[in-house]
Amino acid sequence: PRVCVVGSGPAGFYTAQHILKHHSGALVDIYEKLPVPFGLVRFGVAPDHPEVKNVINTFTQTAHSERCAYYGNVTVGRDVTVPELQRAYHAVVLSYGAEDNRVLGIPGENLPGVYSARAFVGWYNGLPENQDLKPDLSCETALILGHGNVALDIARILLSPLQLLRKTDITDSSLAALACSKVKRVWLVGRRGPLQVAFTIKELREMINLPGTRAVLDPADFTGLENAVKDSSRPRKRLTELMIKTALEKPVEMQAAVAGAAAPREWGLKFQRSPQEVLPSADGRRARGIRMALTRLEGSGDSAKAIPTGDVEELECGLVLSSIGYRSLPLDPAVPFDSQRGVIPNSSGRVEGVPGLYCSGWVKRGPTGVIITTMNDSFDTAQSVLEDLQGGVLDISPSREGFGLVESILRSRGVRPVSFSDWEKIDAAEVARGKAAGKPREKIVDPAEMLRIIGH
């Protein structure tokens with residue numbers, strides 16, 4: 001059987017890995033729109049979290065299997081359609097992730113100084129489409145809307161001492177911009193309370209321990225939470241206890257103040273505030289602050305809803321980052337898509353109403369969870385493919401040409417795919433440039449330059 005996987009992020013690679021491992025005859029081709037593989041492991045994971053990127057070693061092993069092939073620089077839905085892939089393969093798995101962000105839907109959202117977290121993360125991680133972002137970091141106060149791990153990643157990158165970032169694979173241009181940044185205070189704002197934050201304890205602890213930075217948590221926000229959290233899960237309990245402890249600790253910077261040292265950078269969490277409007281500067285040319293509705297919570301735990309109280313509050317900030325979630329987009333008119341939920345309707349990864357078509361990862365279940373969540377989800381979809389192969393649901397008697405057919409389609413449209421060994425040349429060039437700068441790699445951010453390196 002010939003199987004095709006669209007997308008080379010964690011979902012794509014884990015799906016391929018599981019099929020190859022549990023079917024000794026299956027051939028798997030992975031298609032990717034960029035020349036370079038690995039999706040959010042390369043473009044989403046924070047540069048100062050190199051250990052999370054170790055999964056790349058596993059993905060590389062999968063790509064080296066003689067039953068697996070990688071075709072980069074191919075945009076499915078444009079260079080080749082899903083129906084064309086279905087004619088070439090016995091099964092097609094869509095694992096292309098979430099390439100857009102949810103919008104706030106408030107006035108002022110499009111003012112200069114307002115960015116989506118997705119674009120900002122893409123900018124410092126070298127995602128080609130975000131290279132011209134040029135975020136304005138000339139203000140002292142930044143505000144991040146959202147209480148997830150991505151929001152904490154961004155706060156950490158904005159406040160980290162440069163000597164820590166210099167040793168990472170953060171891009172050269174964003175490092176230069178951060179070196180001139182005036183940002184010294186970051187507020188992370190959420191509509192709900194401390195018991196509903198979505199970040200994890202590891203990320204919170206890193207933020208609390210960031211050198212030269214102090215946490216500003218209001219003890220009043222945490223009153224009575226010890227009792228409220230008694231019946232919560234252990235991770236939620238430990239996370240809340242760490243926030244309470246941080247809020248109640250007496251700061252040590254009195255000694256620093258006595259010594260005449262300047263106040264360090266700071267960050268804080270604000271709760272039960274919902275953005276209403278980004279406020280423009282006097283000339284209307286940029287963001288100068290945000291107006292927020294104060295909320296009260298109805299219900300408890302994860303299902304608590306934030307209801308506006310009628311009171312509002314304004315906060316001065318020249319940089320607003322919206323971290324309220326990523327969003328998947330429809331890929332091809334031939335594929336059913338639930339635009340309300342931003343997913344492909346499916347059951348256990350089988351796309352509804354289209355036999356032989358599957359999905360895995362964020363486009364299957366929505367943009368939530370960490371790499372391990374995506375791994376389990378992809379194994380689940382791969383299992384559905386294997387069951388359908390074994391149960392005769394997928395008819396593999398007609399032989400399919402696989403890449404042979406796709407190659408002639410691509411050639412007729414002037415598209416030249418990039419192989420995995422091509423990627424390894426780009427990889428080697430990045431590592432060599434990084435070594436010269438004393439970092440693990442210097443990412444190449446221009447696809448045209450990537451193609452020049454491999455002689456395309």
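Details
- Nearest-10 value in Å² for the accessible area of Glu109, using the 1.4 Å probe: 40
- The chain, Rg to Rh (Cα coordinates; Rh as Kirkwood inverse mean 1/r): 1.00
- Folded to 0 to 90 degrees: helix 371-390 orientation relative to the chain principal axis, Cα: 20
- Charge-dipole axis of the chain as Lys and Arg at +1 and Asp and Glu at -1 on Cβ define it, positive-most pick from Val406, Leu40, Phe199: Phe199
- When the charge dipole of the chain is built from unit charges on Cβ atoms (+1 for Lys and Arg, -1 for Asp and Glu) and taken about the Cα centre, the candidate among Asn376, Thr246, Gly268 whose Cα reaches farthest toward its positive end is Thr246.
- Ordering of 221-227, 309-315, 359-365 by packing is 359-365, 221-227, 309-315, highest average first (other Cβ atoms within 10 Å, averaged per residue).
- Long-range amide H partners of Arg102 with built H, under 5 Å: Gly325, Tyr326, Arg327
- Solvent-accessible area per residue for the chain (1.4 angstrom probe, square angstrom): 45
- Peptides 269-280, 9-20, 420-431, 87-98 ranked from most to least packed, by the mean per-residue count of other Cβ atoms within 10 Å: 9-20, 87-98, 269-280, 420-431.
- Using a Förster distance of 30 Å, the FRET efficiency for Asn376-Asp338 (Cβ separation, nearest 0.05): 0.85
- Computed over the stretch 102-322, Kirkwood Rh from alpha-carbon pairs, angstrom: 18.4
- With R₀ fixed at 30 Å, the C-beta to C-beta distance from Asn57 to Ser300 puts the FRET efficiency at about 0.10.
- Ordering of 39-45, 296-302, 205-211, 239-245 by packing [mean C-beta count within 10 Å, highest first]: 39-45, 239-245, 205-211, 296-302
- Here the accessible area is traced with a 1.4 Å probe on the protein chains. For the chain, carbon and sulfur cover 52 percent of it.
- 0 to 90° range, to nearest 10: angle between helix 403-412 axis and the chain longest Cα axis: 80
- Spin-label proximity, Val393 to the stretch 93-107 - amide N less than 15 Å from point 7 Å beyond Cα toward beta carbon: 93-94
The values are calculated or read from the model by the stated rules, or taken from the named source; none is laboratory data. None of the values given here were measured: they were computed from a predicted structure. Cβ atoms come from the backbone with ideal geometry, glycine included; neighbour counts cover every protein chain shown. In case anyone asks, the SASA skips ligands and DNA or RNA and just uses the protein heavy atoms, side chains included. Shrake-Rupley method; radii C 1.70, N 1.55, O 1.52, S 1.80 Å.
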